[in-house]
Each structure stands twice: as C-alpha cells, then as structure tokens.
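Enquirer: Following this message is one structure expressed as structure tokens.
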There are 2 protein chains.
Amino acid sequence: MPPEPQSTAPAAPAGALTLPDIAATEERVHNLRADAQRNRERIIAAAVEVFAEHGLEASTAEIAERAGVGEATLFRRFASKDDLIMAIVETQMDEVIELAADCVENSDPADGVERFLTEMVEHSVADRGVLEATKDACMVKPELQSRRREILNLMTELVKRGQAAGTIRGDLTGQDLGFLISAGASAAGMPFPGIRADIWKRYLGIILDGLRPEGATKLRPGPPARRLFEDPAG
Amino acid sequence: MPPEPQSTAPAAPAGALTLPDIAATEERVHNLRADAQRNRERIIAAAVEVFAEHGLEASTAEIAERAGVGEATLFRRFASKDDLIMAIVETQMDEVIELAADCVENSDPADGVERFLTEMVEHSVADRGVLEATKDACMVKPELQSRRREILNLMTELVKRGQAAGTIRGDLTGQDLGFLISAGASAAGMPFPGIRADIWKRYLGIILDGLRPEGATKLRPGPPARRLFEDPAG
DNA sequence: ACACAAGCGAAGTGATCGCTCCGTTTTAGC
DNA sequence: GCTAAAACGGAGCGATCACTTCGCTTGTGT
C-alpha cells in the first residue's frame, strides 16, 4: 500500500492526511467489536506507559503483557510496532498543537515562548518515548507533515509576538524552538541516580536567558530553512 | 571479580586505578605476540570509526569485519563489548583532560569556557559513539572516577577564571558544563537530512549568550552537587 | 630448524526481538 | 439460542545480537 493513496477528491495539500484517509481510519476503528475496541485502547494506554519508562526500544511483549492481551492481538490492531508508535505520536502532536495554540491565544506575548518551551521540555523529560519519537518519527514521517506545518506556524507566531513585545531576540525563528526543546531536555539524559528531577529547569533557564535581546551576540549559522521541517524527505 | 580489587600497596584515592592495576594492564598488552598486538590496535581503530558512525549499538561483527579479523579475536582481546568501549572511553577522557588543561593554561580566561564548550560539542557532534558513551559509561563507571574528578576540577577552574574575567555569570559551576555540552550537542540528534553540519554552532551560540553575566536571571534549581560527578553510584 | 604455546576464524549457542500461524473462544445479528 | 464471523492467545519463525568452541595456523624461544 502506498503511503499516500490517491483519492478521487480534489487535491489535498501534499503530505496532508486526506479526508478519505481520516474517514477510513475512524470507520475502521469504530467498526471493531466491543472487545477489540477495548483491547485497542488498553494497548495504547500500556504502550504510552511503557515507552515513557523504557523508551521506544521497549518490547512489544512487555506492552502486550501490561495491556493484559496476547502479543498477536497487538499486531492485529496495529500492523507493526511502528504503526503503534505512529498512532501514539499523532495524538501527542495534536496535544502539542493545542498547547502552542493556547500559548499564542492566552499567554502574554512577552512570555509565550518561555511558557511553550517550559511545558514542552517538562513533557519531554517525563517521557523518554516522546523524546525518541520526536527524532524517529515526528520530524521526518511524511504522514505527519500537516501537523508539523501547523506546529511550525504556531511556533513562528509565538516568536514573532515575543519579538514584538521585546522579550525575544530578533534573530530567533520558529524553526529554532524545536532544537531548543531538544537542548533543554538533554539534561534528562544524564544518568546521575540521585539528581533532582527538575534539574532541567536550570539549563532551560540558561537557554531562556540566551534568548533575550539584552546580551545577544550574532548567531552563526542562520536558522535552518522552513522547508526542512515541512518536507524533510524531499 | 570485584570492581576495585584490593592491593597490598598503600591506599590509593578511592576509585582511582591503583598502580598495580595499571602495571598489570600495560604488561598484559605488551606481552602480546606481534600479530595479536597489531590486531588489538586494528580492532580499537575500527571500533572508534564504527561507533562514531552508528553509535554504541553497532555490532561486534561489523567492528571485527572492518578491523579485518574474526569476531573471536575481538573477544580474545576484550572480555566483552563493554570492555572494548571502556578501553576507547578511557583514551577519549584523557583527551578531554588534555583539552581542558590546555584551555586553563593557554586560553584567555575571558574565553576559556567558550573554547572548551565549543571544542567539546564539536567532537560530540562528529562522533555518535562519544555522545552515547558519555551517558552509558563516562559519568557512571566507578573505574573512571579519577578521570571524572580531574575533568571536573579543570572545568571548575575554567568557570572561576571566566567569572574573574567578568565574561561568565556568577552562578555557574564546573558541574554545569557537562550538561551544557550535552545540550549543545543535542542539535546533532535532529534527523533532518539536508541540514548544515554546523547548525550546532547556532544553538551553542544561544547557550553561550545565556552564560554571560549581562542578561542573567536567577537560576532555579541550583547546580547539582559535586559528589554526583565524583561518585554517582554511591 | 623445530616444538609448542599463542593466536586465529568459521561455525555454533542461547537469548531476545518483531512478527505470524492456527486451533479455540467470544461477540453480534437473527 | 444459534451460528457465522470476528477476535483471541500460546507457540513458533526467522533474524540478529553478544559471546564461545574447536580444529587449524603462525610467531617465537631455543
């Protein structure tokens, strides 16, 4: 099956999920027998937990066990482990869209960027899976392109509002925020057993200080091109 | 075998390699037959290359193949894959010590921290292996404790000189630099195919701006304790 | 030159992974 | 309630991993 099956409907934006795709998926899920539906939800819930604890290399056996189903059932609902990850990632990206939109609409423009980065890093630190999935899936899979674009637009808006308010340096772009989230979350990868769980706030604090116009020096190289986010494969 | 075998010599600093340990290792290596010695060096060189390209999950089969030896030969020279990694990590930590010492001695105190961070991130970005080994080995293995302590002392000295020169914010500590290297290198983990290889300089630039005293705001929480680095297990 | 310990690699071992086969059980429409 | 389709899970498959065995080869001290 091609990743982007052509429909007879008028052309959708390249890389976006077409309406028939979405409808087909929804219908498939809702036509499941009651037990199958219940197991599907249990599998997703278990996978979110297990991936958060052990990262994406957690085994499908462990996920199935925690969900209380056989491994075969997992693969009956999701064609592959990657498919399961994608199902989770899609809902998580939708949550990011919600958060970013809320930062744009309901935050003081002076601290929208700070709030967005802080909440994103906090989520990433608490969930190993979301951090790894960002690299393996969110940024590159063509079927997530429309969500990526939406997130990028909202991040760009956040940065522009911060710049207008005078709290964000002028040479920052929306594309930069993804890298800064990754940088802020990297402290969580450090393997010190007794370290306090919120140590990431210290290093995000340094990054946030680096985003203010006051001490800013010229950044080289310039920001990555927008199209790297929108269409990484092309 | 206990990780820190007791010797009859006077007590060495806890966690340091004792002199008998080092002597035994050296002797073992130099008593190898000529072909074995040559193969040992080939294996290390191949492993450095392969780990740099594919990270630590690269297979021992690939390393042996690139070294032009059988897999059994690899395991005759190194008791386990982990042992091979440790041999590499030790020499790489010695290089870090050299770099840090050179930054302390030969750099203008005003930019010692900047030079150290820049060169460390540059190495980390070019070598996936060193990045992963930092988390898996450098920071936690007891037998690397003396090297860790030495690096920490040099980083602390670099920070203090920068603060005396007025280019580094007063609330930074030597312990922070390890986290900042990881943060600066995290941009390299982003999976965009066409991105310029030196994009890390942009985000390290932001971090460096955040290290200056000018725009600094209060950092919460405070720095991690020194002993987390010196003796993470204890 | 020779004897023999040391070194060698092809072929295996057991563990684990993602994934599937197939006989049994459960649900849903009539 | 009955039946056919749908869903189930244990048991197994092939691939891959770190690591070992074993019969042959090679360097080295005498």
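Quick note: the coordinates plus some simple rules give every number you see, no bench work behind them. No experiment lies behind these values; they were computed from the predicted model shown. Reconstructed Cβ throughout: ideal geometry from the backbone, glycine too, with neighbour counts over all protein chains shown.
Enquirer: Using every Cα-Cα pair within the protein assembly as shown, state what percent have a distance larger than 42 Å. Mind showing how you got there, number by number?
Expert: Details: 27151 of 109278 pairs.
The answer is 25 percent, as a whole percent.
Enquirer: What 222 nm value per residue comes from the helices of chain B, counting each DSSP H run with n ≥ 4 as -39,500 (n - 2.57) and dividing by all residues, nearest 500 deg cm²/dmol?
Expert: Details: 11 runs with 145 residues, N = 234.
Computed ellipticity for chain B at 222 nm equals -19500 deg cm²/dmol.
Enquirer: Relative contact order for segment A:90-190: what percent, with Cα pairs under 8 Å and sequence separation of 6 or more? Display every interim value, and only then the final one.
Expert: On the way: 82 pairs, mean separation 37.7, N = 101.
Normalised by residue count, the contact order of segment A:90-190 is 37 percent.
Enquirer: If you don't mind, another one. Taking the alpha-carbon distance from A:LYS160 and a cut-off under 15 Å, which aspartates and glutamates remain once sequence neighbours fewer than 8 residues away in the same chain are dropped?
Expert: Once the sequence-local aspartates and glutamates are set aside, what remains near A:LYS160 is A:GLU105, A:ASP108, A:ASP111, A:GLU114, A:ASP171, A:ASP176.
Enquirer: Relative contact order for chain B: what percent, with Cα pairs under 8 Å and sequence separation of 6 or more? Write out the running numbers ahead of the final one.
Expert: Details: 226 pairs, mean separation 47.9, N = 234.
That works out to 20 percent.
Enquirer: Hey, what do the phi angles of segment A:128-139 turn into as Karplus ³J(HN,Hα) couplings, whole Hz, using 6.51/-1.76/1.60 and θ = phi - 60°, x for Gly and Pro?
Expert: 4, x, 5, 5, 6, 5, 4, 6, 7, 10, 3, 7
Enquirer: Two decimals, Cα atoms only, Kirkwood Rh: what is Rg/Rh over segment B:158-228? Provide the component values of the computation, followed by the final result.
Expert: Numbers: Rg = 14.1 Å, Rh = 13.6 Å.
Ratio of gyration radius to Kirkwood radius for segment B:158-228: 1.03.
Enquirer: If you don't mind, there's one more thing I want to ask. Can you bin every Cα-Cα distance in segment A:21-140 into 5 Å intervals starting at zero and give me the percent of pairs per bin, rounded to whole numbers?
Expert: Here the calculated profile for segment A:21-140 is 2, 10, 18, 20, 16, 14, 10, 5, 3, 1, 0.
Enquirer: If you take the beta carbon distance between B:ALA165 and A:ALA61 as r and set R0 to 51 Å, what does 1/(1 + (r/R0)^6) give as a FRET efficiency, to the nearest 0.05?
Expert: Numbers: r = 56 Å, r/R0 = 1.11.
After rounding, the FRET efficiency stands at 0.35.
Enquirer: Along each of its three principal axes, how wide is the spread of alpha-carbon positions in chain A, in whole angstrom units, largest first?
Expert: 60, 54, 32
Enquirer: Given a cut-off of 30 Å, name the pairs among A:LYS201/B:LYS201; A:LYS141/B:LYS218; A:LYS135/B:LYS135 whose C-alpha atoms lie farther apart than that in the structure shown. Walk me through the intermediate numbers first.
Expert: Details: A:LYS201/B:LYS201 22 Å; A:LYS141/B:LYS218 39 Å; A:LYS135/B:LYS135 18 Å.
Cα-Cα > 30 Å for A:LYS141/B:LYS218; rest within.
Enquirer: Considering all projection directions equally, how large on average is the shadow of the alpha-carbon convex hull of segment A:103-222, in square nanometres? Working shown, then result.
Expert: Working: hull surface 32.9 nm².
Average of the hull's projected areas for segment A:103-222 equals 8.2 nm².
Enquirer: Where the label is 7 Å out from Cα toward Cβ, how close does A:ALA45 come to the same position in every other copy, in nm, shortest first?
Expert: Those separations, rounded to one decimal, come out as 5.8 nm.
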